[in-house]
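> Please see the structure below; I have some questions.
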Amino acid sequence: MFRKILVAIDGSEPANRAMDVALDEAGLWKAEVHVVYVVESGLFSSLPMDSTLEIIYSVLQKEGEEILEAARKKANAAGISLFTHLRQGHAGSQIIALAEELGADLILLGSYGKSGVDRLLLGSVTDYVVQNSPITTTVVRS
């Protein structure tokens, strides 16, 4: 039985599928859904902050807000209670930390993110969460 479900989304098809599964599970268990979008700032941490990086970060944050709003609309249409979270930092660490803060019973993730470049540069966020999370984690394939 799940009471709090955390789903990580990034606008990719696998993440959208994970969102659908989260809504289905929430309907079944009468659970609340928490959705997180993480602005991956690890890519920029070793670079000096200048106006170009600030613009890139701003674009990523705006994208996250739009993706979270779309999730909110989808949940409202399904009659599911939904809470959104916008974080920054290493995506895998932020997902696990938020799940622990919330007391989540389940983390849902897509099998991969928006690009293969993420896997090459950062390692797979999904793999990181699966390997390091003390909370039940389900990987949803698209």
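Taken together, the values in this text are just the output of simple stated rules run on the coordinates, not laboratory data. As the structure is a computational prediction, the values presented were derived from the model and not from experiment. Methodologically, a virtual Cβ is constructed for each residue, glycine included, from the backbone with ideal geometry; neighbour enumeration extends over all protein chains shown.
> So between Glu54 and Lys30, what do we pick up on full extension, going 0.36 nm a residue minus the alpha carbon distance?
Values: separation 24, 0.36 × 24 = 8.64 nm, distance 4.04 nm.
Once the chain is fully extended between Glu54 and Lys30, it gains 4.6 nm.
> Then there is this: Within the chain, which DSSP H helices have Cα atoms that stretch 15 Å or more along the helix axis and a mean Kyte-Doolittle hydropathy of at least 0.5?
Passing helices, by number: 91-102.
> Also, I was wondering about something else. Quick one: if the Förster radius is 22 Å, what FRET efficiency do Val139 and Glu100 give, using the C-beta to C-beta distance and rounding to 0.05? Please report the intermediate quantities before stating the final value.
Working: r = 19 Å, r/R0 = 0.86.
The computed FRET efficiency comes out at 0.70.
> Sticking with this one: Given charges of +1 on the Cβ of Lys and Arg and -1 on the Cβ of Asp and Glu, with all other atoms neutral, how large is the dipole of the chain about its Cα centre, in debye to the nearest 20?
Roughly 340 debye, rounded to the nearest 20.
> Something else now. Identify, among Ser41, Val59, Gly103, the residue whose Cα sits farthest towards the positive end of the charge dipole of the chain, taking +1 on the Cβ of Lys and Arg and -1 on the Cβ of Asp and Glu, with the dipole about the Cα centre.
Gly103
> Now a separate question. Between Asn76 and Asn132, how many nm apart are label points set 7 Å from Cα along the C-beta direction?
3.5 nm
> Tell me, in nm to one decimal, what length is gained between Lys62 and Arg3 on full extension, where the rule is 0.36 nm per residue of separation less the Cα-Cα distance?
18.3 nm
> Assuming a viscosity of 0.692 mPa s and a temperature of 37 °C, what translational diffusion coefficient in µm² per second does Stokes-Einstein assign to the chain, Rh being the Kirkwood radius over Cα pairs?
216 µm²/s
> Over the chain, how many pairs of lysines fall under 21 Å by alpha carbon, counting only those 8 or more apart in sequence or from different chains?
Taking the Cα cut-off of 21 Å, the pair count is 9.
> Kindly provide the helix-only [θ] at 222 nm of the chain, computed as the sum of -39,500 (n - 2.57) over DSSP H runs of four or more divided by all residues, to the nearest 500 deg cm²/dmol?
Values: 5 runs with 72 residues, N = 142.
Value at 222 nm, helices only, nearest 500: -16500 deg cm²/dmol.
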